[in-house]
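The structure appears right after this line, and notes come after that.
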Amino acid sequence: MSDVTEHHDGTRCVRAGLPEPAPGQPFLPGPVFAAPYHLDPWTGPAAAPDGYGRPDNPTRRLLEAAVGELEGGDCRVFASGQAAITGLLLTLLRPGDTVVLPSDGYFAVRAFAADTLEGIGVRVLLAPTAGPHPAFDGVRLVLLETPANPGLDVADVAALAARAHAAGALVAVDNTTATPLGQRPLDLGADVVVASGTKALTGHSDLLLGYVATRSPELRDAVTAWRNVTGAVPGAFDAWLAHRSLATLDLRLARQTANAQALAGLLAGRDDVTGLRWPGLPGDPAHPVAAVQMRRIPGVLCFDLGDAGRVARFLDAARLVAAATSFGGLHTTADRRAQWGDDTPPGFVRLSCGVEDAVDLVADVTAALDASR
Ligand SMILES: Cc1ncc(COP(=O)(O)O)c(C=O)c1O
């Protein structure tokens, strides 16, 4: 593998996880489709790195090397972000343990905690991303999600990790919204990163992916063992597509952030939009911590248009803003979160900037807001 740690973001993304150049070979080898592989009849599975597709796949290993380089730890990829998060929680938590989860993070994690974790006797405490957080004495794991989806509050990872470690708790950070170019939680003191790669990391709205990354060999091995027995692995083609997409991560994020800055400027000046949040705005409550902790601000912002009808009129009128959930893709999208059962007001919108030209987006969003009044 190439050692890319000394390079800048664009270079690191282009080269992450690529094998050493070999004449006649592609830059990124194509996907290896295999359930079983040929075995040596005398030595069995010990003779080769690949024996069976659930634990072993070379395409997946290259992607894990790439994401691991970007996060600064060992990586294991999963079939989706939810598979990675629930896998991490079930790897670490046992009946009688206490876990602290964000009260304002991705709602499906809270649903899993209420349905499954509490069902097996895990005590679940919820805390807002911006705090206050409870005392961590007796807590096994603190999961932070920063910036939080969808409200975009930010948690001070270094400060909370210090507090948690002093109390003997582990810290996991959901790095979905920031991506490893936006912040490196392992450098900030987190024990483990967990994320959905479905969003900006891969950014083409064409696959589901999740991952766990850590510097702890014990944690890595426990998560690997969990994945091997539960089987939530991504297919080879999705892993290959994800790796191919990583090469443009720096470019995509740069354009998305610039577009978010332009739209934040527009939305901040309108009297028919309330509750604007974007951690890049100097007046945003999350800005002071984000400015210190984050290397770049994501291209996602949120605001309130008052009611569901105005959101629908806005999306109908917009030509460049697609009504769609998820975020971080090449195309600008907006999602009225309450329609999914997320605990947000009826007119609350999460808007994810794509890589269109800022001038076109600003014109389109201005016209759609005017038309939807
Ligand atoms: C912050 C966050 N974490 C995890 C997930 C789950 O990821 P996936 O949809 O890939 O399962 C999401 C999905 O929206 C998310 O926003």
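Descriptive notes on the structure:
- Some residue of region 33-53 being part of a loop (DSSP other than H, G, I, E, B) and within 16 Å of the ligand (Cβ to nearest atom): no
- Flag for F136 being of a type in the set (F, W, Y) and either surrounded by 24 or more Cβ atoms within 10 Å (Cβ to Cβ) or within 16 Å of the ligand (Cβ to nearest atom) (or both): no
- Restricting attention to region 135-163, the residues being small (G, A, S) and in a loop (DSSP other than H, G, I, E, B) number 5.
- Some residue of region 153-160 being buried (at least 23 other Cβ atoms within 10 Å of the Cβ), farther than 20 Å from P298 by Cα and either basic (K, R) or away from the ligand (no atom under 16 Å from the Cβ) (or both): yes
- The lone criterion from (1) of a type in the set (S, T, N, Q); (2) surrounded by fewer than 16 Cβ atoms within 10 Å (Cβ to Cβ); (3) free of Cβ contacts under 8 Å to residues at least 60 places away in the same chain left unmet by S245 is number (2).
- Residue check for L126: open to solvent by 60 Å² or more (accessible area, probe 1.4 Å) and part of a strand (DSSP E or B): yes
- Cβ-Cβ under 9 Å pairs, at least 6 apart or on other chains, region 104-119 side within 10 Å of the ligand (Cβ to nearest atom) and among the aromatic types (F, W, Y), far side part of a helix (DSSP H, G or I) and open to solvent by less than 50 Å² (accessible area, probe 1.4 Å): Y106/G81; Y106/I85; F107/R337
- Top-ranked residue in region 280-310 [being in contact (Cβ under 8 Å) with a residue 40 or more places away in the chain, assigned to a helix (DSSP H, G or I) and in contact with a Gly (Cβ under 8 Å, 6 or more places away or on another chain); ranked as farthest from G203 (Cα to Cα)]: R310
- Candidate set from region 311-348 (those that are among the acidic types (D, E) and assigned to a loop (DSSP other than H, G, I, E, B)); member that is farthest from D360 (Cα to Cα): D343
- Flag if V32 is touching a residue at least 60 places away in the same chain (Cβ under 8 Å) and closer than 20 Å to D221 by Cα: no
- One residue alone among G17, G87, G81, G68 is within 16 Å of the ligand (Cβ to nearest atom), open to solvent by less than 10 Å² (accessible area, probe 1.4 Å) and under 21 Å from G203 (Cα atoms), and that residue is G81.
- Residue ID - nearest to R244 (Cα to Cα), chosen from residues in region 203-214 that are more than 12 Å from the ligand (Cβ to nearest atom) and in contact with an Asp or Glu (Cβ under 7 Å, 6 or more places away or on another chain): A213
- Annotation note: of A323, A286, A317, the sole residue that is surrounded by fewer than 16 Cβ atoms within 10 Å (Cβ to Cβ) and either within 16 Å of the ligand (Cβ to nearest atom) or more than 20 Å from the chain's Cα centre (by Cα) (or both) is A323.
- Subset tally (residues that are charged (D, E, K, R), open to solvent by 30 Å² or more (accessible area, probe 1.4 Å) and in a loop (DSSP other than H, G, I, E, B)) for region 250-277: 2
- Hey, T224 open to solvent by less than 50 Å² (accessible area, probe 1.4 Å) and modelled with pLDDT of 95 or more or not: yes
- Single condition M294 does not satisfy, out of (1) within 20 Å of the chain's Cα centre (by Cα); (2) open to solvent by 30 Å² or more (accessible area, probe 1.4 Å); (3) closer than 28 Å to G151 by Cβ: (2)
- Members of region 140-150 found to be open to solvent by 10 Å² or more (accessible area, probe 1.4 Å) and more than 11 Å from the ligand (Cβ to nearest atom), listed by number: R140
- The single condition from (1) open to solvent by 30 Å² or more (accessible area, probe 1.4 Å); (2) of a type outside the set (V, I, T); (3) within 16 Å of the ligand (Cβ to nearest atom) that L101 fails is (1).
- The C-beta contact set for region 74-95 (first residue of a type in the set (G, A, S), second residue part of a helix (DSSP H, G or I) and more than 12 Å from the ligand (Cβ to nearest atom), distance under 8 angstrom, 6+ apart or interchain) comprises G87/V223; G87/W226; G87/R227; G87/T230.
- Selected residue (criterion: nearest to A260 (Cα to Cα)) from residues of region 166-185 that are open to solvent by 10 Å² or more (accessible area, probe 1.4 Å) and of a type in the set (A, V, I, L, M): L170
The values are calculated or read from the model by the stated rules, or taken from the named source; none is laboratory data. What you see is a predicted model; the values in this text were computed from it and never measured. All Cβ positions, glycine included, derive from the backbone under ideal geometry; neighbour counts span all protein chains shown. Surface areas here come from the heavy atoms of the whole protein model, side chains and all, with no ligands, DNA or RNA. Shrake-Rupley method; radii C 1.70, N 1.55, O 1.52, S 1.80 Å.
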